Amino acid sequence: MSMNTTNENTLAPRAGRINVKMLMQLSLVALLVVVWTLLSFTTTTFATSGNITNLLRQTAIGGVLAIGQTFVIITAGIDLSVGSLVAVTGVSLALMVSHGVPLTLAIVLALLLGLAAGLINGFAIHKLGLPPFIATLAMLSVARGSALLLTGGQSISMPTSGFTAFSTTSVWGVPSLFLVLLLVAVVGWVLLHRSRWGRYVFAYGSNKEAARLSGVNIGGVVYFVYGFSALCAAIAGVLVVSRIGVGVPTAGTGYELDSIAASVIGGASLFGGAGGIFGTILGALLITTISNGANLLNVDPFWQQIITGLLIAVIVFLDQLRKRREA
């Protein structure tokens, strides 16, 4: 078999997988419609413009995180550090602005901080041989500790009122925060589905050794996905500061689990080789809807975690069945 044939077989997605992906996305859309319909009839405020706007704003932050997480999960990896990176980039931004650094420069530096953390994750995984779970768990602790150390455990106020007002503005009725999510989604979709690196990501997740033999830069893929995931976390950190007006060292707690849940519910396989941007956004929207609906119905918020956990378990179980049939 020639090298060209090997490359095509390794990097091209399976036709069956496309059908499964479309079916899952259609199922998610149908589930969202059912949930929205039920909440519209059982509450008096869910279908109001104010609540829909709030729902989109809530989805934006989780969706940005989940998009980055999807890149990692497609490679059969996991990034547990994203929640802590939200905190450390947020407090770094607030500290820089409060010390006179221009807002635009502070945002760029905060994003670069997140990117650097992601590249460190990639180095630990690729060069040091640490499992992704351990490497990103270590970064979770380092980033959270750094956020607490920088602030002494105190929240840092943002002196720029115009920046905090950004989170409350809308363009043509669409919240600005959600427009940021759409922008990140477009960039993520192009990178994942219309670029060489995107093909490499899927190839790596499907069969790492086969991808290496086909000429894929394995190390480059690792740095790429963890760098992009951390950059998305930094963007989410900036959005959090814009929304609440302060840098909080404990912000982002639990966000890593929500981002994993949104990716998996949206069709990303924890076994690698499958996932997409549109499904991830649907997953993030479903999780946010569950939270929003629980609040409106005065349901104990802990039920949200139970429902999310059950959804993950069911979807992973179905993914296992699919993998067995393909084997």
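The values are calculated or read from the model by the stated rules, or taken from the named source; none is laboratory data. Everything numeric in this text was worked out from a predicted model, so none of it was measured. As a convention, Cβ positions derive from the backbone with ideal geometry for all residues, glycine included, and neighbour counts pool all protein chains shown. Keep in mind that these areas ignore ligands, DNA and RNA; they rest on the heavy atoms of the full protein, side chains included. Shrake-Rupley method; radii C 1.70, N 1.55, O 1.52, S 1.80 Å.
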Are any residues in the stretch 47-80 under 18 Å from Leu177 (Cα atoms), of a type in the set (Ser, Thr, Tyr) and either crowded, with 20+ Cβ neighbours inside 10 Å or in contact with a helix residue (DSSP H, G or I) (Cβ under 7 Å, 6 or more places away or on another chain) (or both), and if so, which ones?
Thr59
Taking only pairs six or more apart or across chains, which ones have beta-carbon atoms under 8 Å, a first residue in the stretch 193-218 that is on the phi > 0 side of the Ramachandran plot, and a second residue that is open to solvent by 30 Å² or more (accessible area, probe 1.4 Å) and not β-branched (Val, Ile, Thr)?
Gly215/Met3; Gly215/Asn7
For the stretch 122-162, which positions are touching a Gly at 6+ places or on another chain (Cβ under 9 Å), farther than 19 Å from Thr253 by Cβ and buried (at least 20 other Cβ atoms within 10 Å of the Cβ)?
Gly122, Ile125, Pro132, Ala135, Met158
Based on this model, can you work out whether Tyr204 counts as at pLDDT 90 or above and open to solvent by 10 Å² or more (accessible area, probe 1.4 Å)?
yes
Which listed residue is modelled with pLDDT under 90 and either of a type in the set (Ser, Thr, Tyr) or within 21 Å of the chain's Cα centre (by Cα) (or both), from Thr70, Thr45:
Thr45
Identify the residue in the stretch 93-105 that is over 17 Å from Ser155 (Cα atoms) and among the hydrophobic types (A, V, I, L, M, F, W, C) and, among all such residues, is surrounded by the fewest Cβ atoms within 10 Å (Cβ to Cβ).
Leu105
Just checking, which of Ser146, Ser141, Ser167 is in contact with a Lys or Arg (Cβ under 7 Å, 6 or more places away or on another chain), assigned to a helix (DSSP H, G or I) and either of a type in the set (Lys, Arg) or touching a residue at least 40 places away in the same chain (Cβ under 8 Å) (or both)?
Ser167
Residue match in the stretch 291-302 (condition: within 17 Å of the chain's Cα centre (by Cα) and open to solvent by 40 Å² or more (accessible area, probe 1.4 Å)):
no
Some residue of the stretch 251-258 being of a type outside the set (D, E, K, R), over 14 Å from the mean Cα position of the chain (by Cα) and open to solvent by less than 30 Å² (accessible area, probe 1.4 Å):
yes
Suppose we filter the stretch 106-121 for residues that are open to solvent by 60 Å² or more (accessible area, probe 1.4 Å) and either among the β-branched types (Val, Ile, Thr) or not in a helix (DSSP H, G or I) (or both); how many remain?
2
All positions within the stretch 161-194 that are modelled with pLDDT under 90 and among the polar types (S, T, N, Q):
Ser161, Thr164, Ser167, Thr168, Thr169, Ser170
Can you find a residue in the stretch 81-92 that is surrounded by fewer than 18 Cβ atoms within 10 Å (Cβ to Cβ), in contact with a helix residue (DSSP H, G or I) (Cβ under 8 Å, 6 or more places away or on another chain) and either without any contact (Cβ under 8 Å) to a residue 12 or more places away in the chain or assigned to a helix (DSSP H, G or I) (or both)?
no
Only residues that are within 30 Å of Ala233 (Cα to Cα), in contact with a Gly (Cβ under 8 Å, 6 or more places away or on another chain) and assigned to a helix (DSSP H, G or I): list them for the stretch 35-64, please.
Val35
Check on Trp197, buried (at least 16 other Cβ atoms within 10 Å of the Cβ) and among the aromatic types (Phe, Trp, Tyr)
yes
